[in-house]
Structures are given as C-alpha cells and as structure tokens.
Amino acid sequence: MESERNAPGRSRGEGGAVLTDTYGRVATDLRVSLTDRCNLRCTYCMPEEGLQWLRGPDLLTDDEVVRLVRIAVTRLGVREVRFTGGEPLLRPGLPGIVARCADLEPRPSLSLTTNGIGLRRTAGALREAGLDRVNVSLDTLRPEVFHALTRRDRHQDVLDGLAAARDAGLAPIKINTVLMRGTNDDEAADLLGWALDEGYELRFIEQMPLDAQHGWERSDMVTAREILAALRTRFTLSPEGDTERGHAPAERWLVDGGPARVGVIASVTRPFCRACDRTRLTADGQVRNCLFAQEESDLRGVLRSDAGDEEVVRVWQAAMWGKKAGSGLDDPSFLQPGRPMSAIGG
Ligand code: SAM
Ligand code: SF4
C-alpha cells in the first residue's frame, strides 16, 4: 500500500509532502536549467549553428526560479539543487539566485554544472553567494581536440576557470567527460592522470541520445566497459566500498588503492533508473520527471496564473507520480525526447 500512501496530493502534513512515483522512488535532487543558450557547441550536444533559443519572456524570471526552488525545498523534500543549462554562467542573475536559495530553511546543498568558461570571473562571487560545489565539463587535455569537440578555442579559459574554482574553495571539483570515438577516446588514462595531479574527481559519462541533431549511434558510443579497460592499462581500479552506488549515477572506483576515485556514469549500458532521485525544471518552467521523458508539466503557467503554492505542489507531485520505470533506451520503440540535453538541463 506504499503507493496508495504516497498518492499525489496526499501530503504528509505541512512540509511533509514528497515527490514520489508509483515505483516508490522519492525525488530529493532538483536540476534547474537556467538557460538553454551556450557559448560552446559540443558535437554530442548541439549543432554548429546553435538552436532556436527560448524567447526572453518564456524564461522563468529569477523570482520565479527562486519561488519554485523554495517550494521544492520547503514543501516537497528536495535537499539538493543543481543549476545547469545550456550554460548556467550565461545567466546574469546566477549569483543572486544562488544567494537566495542559500537562505532557504532547510538549506539545500547548492551546486553547478558548467563548461567552466567564465568561472575565472565568477567563482569567487558564487562561492560567496553560497555555492557549495561545481562540476566542470572537460573532454580533452589537447587544445586542438577541444576545438574539434566544442567548435570554439576556449580550452585555456576552462583550465583557468577550474583553477579559479579551486582557489575560491569550491570543493570537491568534479570533471565530467564524454568520450567520442576517434576524437578523444584515446585520452581516458591521460585525463585521469591529470585529474589526480590536480586533485579533481573525474567522471566519465556515456554519450546519450540527447543531441539536437539526433546523430547518436549506439554502435559508435564509447561504453563504460571500454573506458574502464582503457583506465586499467595504467591504473589499478578497485570498487569503492561495497560498490553500492545508492542514488549516485556514477559507479565509483578507487584509483591505485585510493583515496582518489574515478567515476563512470553508464547511463546507457548500466542505467541507474531504479534508484533515480531526480526531478528537473527547464528554463521555461516545465517539470520533467526524467531526462528521456516525452511529457512535461507546465509550472510556469501555474505560477503566472497567480495560483498559490499549494497548486504548484499539486502539479509537481502529479508530474512525478507519472514517472516511468526506466528511460526506455533499450526498447525498440524508444523515441528521443523532443528537447535536446541543452534545453532540458543536463
Ligand atoms: N553547459 C554545461 C556543461 O557543459 O557542463 C551544463 C549543461 S551540459 C548539457 C551538462 C552535461 O551534459 C555536460 O557534462 C555534458 O558533457 C553532458 N552532455 C551533453 N550532451 C550529452 C550527451 N549527448 N550525452 C552525454 N552527456 C552529455
Ligand atoms: Fe554547451 Fe554544455 Fe552542451 Fe557543451 S554540453 S554545448 S557546454 S550545454
């Protein structure tokens, strides 16, 4: 009767409601996309010419973002908030949004996923505002490969941004890496060696079918198994603890006996849907219960209809209640979602 007890709209009292689904999973980790725009053009994410960006009036305002985060944290049991995009550092109001979220009670953990460009300028202010942690995406140590992958000459800016994040005390710093066959798949061990030297925690992410161009081919994807094999040519990897990854999407390995670690997010070959604890908000205020969902629920419309917080709670709970068991990636009828990763918020 677990599902009956958790039915949407049946809150467990003021502040006691949760975002749950029919499989008993509870979402406590909120991903907020602050913009769909980006200053890079990673080949696995968006086309060279960019995309049809959201119009300004369609974006949630800073006040609307903070209101939704407040409701999630104070009414719906969300404990972790991660800002992402598109490139979240392009959002001028980011430090203010972070500061206002850091004032919430209970205080959520606050993190950012960024390509790192612009961190050199903003890391200190973001730390000051209350940002706890940062994940920086970096796929290569070679400037020319960076250019081939992102179509921009900004490699040094990312390295400078990383250094600034470390100087600002944002810790731990995690690096997200996608390997592309024939481009940077020979760099797995080099990237790990570099990350160990710099004190960053590296995580490899299998390429997912979320690019705007729909160019993903399963047969072309560099798999977790291949990544681990490449790392083992230079390092000893041992499972961390009892290998229980809990809600964490990354399977983590101790490198050369630890304490340093490396993670592999095998979203395609070893999906973590059963333990998923995420709920997602797009920059235009749509709730998504999964990266791969076809459906969205319009919270911006609720906010702009002058409805009270109670109605936001109801719509958000109903959206999560409909979450499917898994991504459906292995189903022959799998359809890539209409929005690409950059517009969902990775
Ligand atoms: N622009 C920021 C960045 O790159 O970190 C935040 C948004 S980006 C969409 C978030 C993460 O998604 C990045 O680490 C990126 O490498 C990853 N990503 C983008 N497209 C992907 C894909 N098709 N498969 C796997 N990961 C992807
Ligand atoms: Fe931009 Fe991040 Fe997508 Fe690269 S992965 S194009 S940095 S949104």
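The values are calculated or read from the model by the stated rules, or taken from the named source; none is laboratory data. Please read all numbers here as calculations on a predicted model, not as lab measurements. For neighbour counting, all protein chains shown are included, and Cβ atoms are generated from backbone atoms with ideal geometry for every residue, glycine included. Just the protein is used for accessible areas: all its heavy atoms, side chains included, with ligands, DNA and RNA removed. Shrake-Rupley method; radii C 1.70, N 1.55, O 1.52, S 1.80 Å.
Here are the numbers:
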item	result
Å² per residue, accessible surface of segment 4-344 at 1.4 Å	43
Max mean-square fluctuation residue, GNM over the chain, Cα-Cα springs under 10 Å, options Asp167, Asp36, Asp298	Asp167
Amide H contacts under 5 Å for Leu210, placed H, 5+ residues apart	none
Efficiency of FRET between Gln52 and Ala229 - r from beta-carbon atoms, R0 41 angstrom, step 0.05	0.55
Degrees between helix 119-129 axis and first principal axis of the chain (Cα, 0 to 90, nearest 10)	40
Alpha-carbon Debye profile of the chain, log10 I(q)/I(0) at 0.06, 0.09, 0.12 Å⁻¹	-0.20, -0.47, -0.87
Bridge type composition, segment 4-344 - antiparallel percent by DSSP, nearest 5	30
Protection proxy ranking of 146-156, 224-234 - average other beta-carbon atoms within 10 Å, highest first	146-156, 224-234
Net +/- balance of residues flanking Leu254 in space, Cβ distance below 9 Å, scoring K and R +1, D and E -1	0
For peptides 177-186, 115-124, sequence by mean Cβ density within 10 Å, most packed first	115-124, 177-186
Paramagnetic reach from Thr22 in segment 304-322 [backbone N under 19 Å; point 7 Å along Cα→Cβ]	315-322
Shape call, segment 258-308: gyration tensor on alpha carbons, a/c limit 1.5	prolate
Calculated FRET efficiency for the pair Trp216/Ala307, C-beta based, R₀ 51 Å, to 0.05	0.85
In degrees, nearest ten, helix 188-198 long axis to first principal axis of the chain (Cα)	80
Accessible carbon and sulfur surface of segment 4-344 relative to its total accessible area, %, 1.4 Å	48
Isolated Cys in the chain, by beta carbon distance under 4.7 Å	Cys38, Cys101, Cys273, Cys276, Cys290
Magnitude of the charge dipole, the chain, Cβ model with Lys/Arg +1 and Asp/Glu -1, debye to 20	420
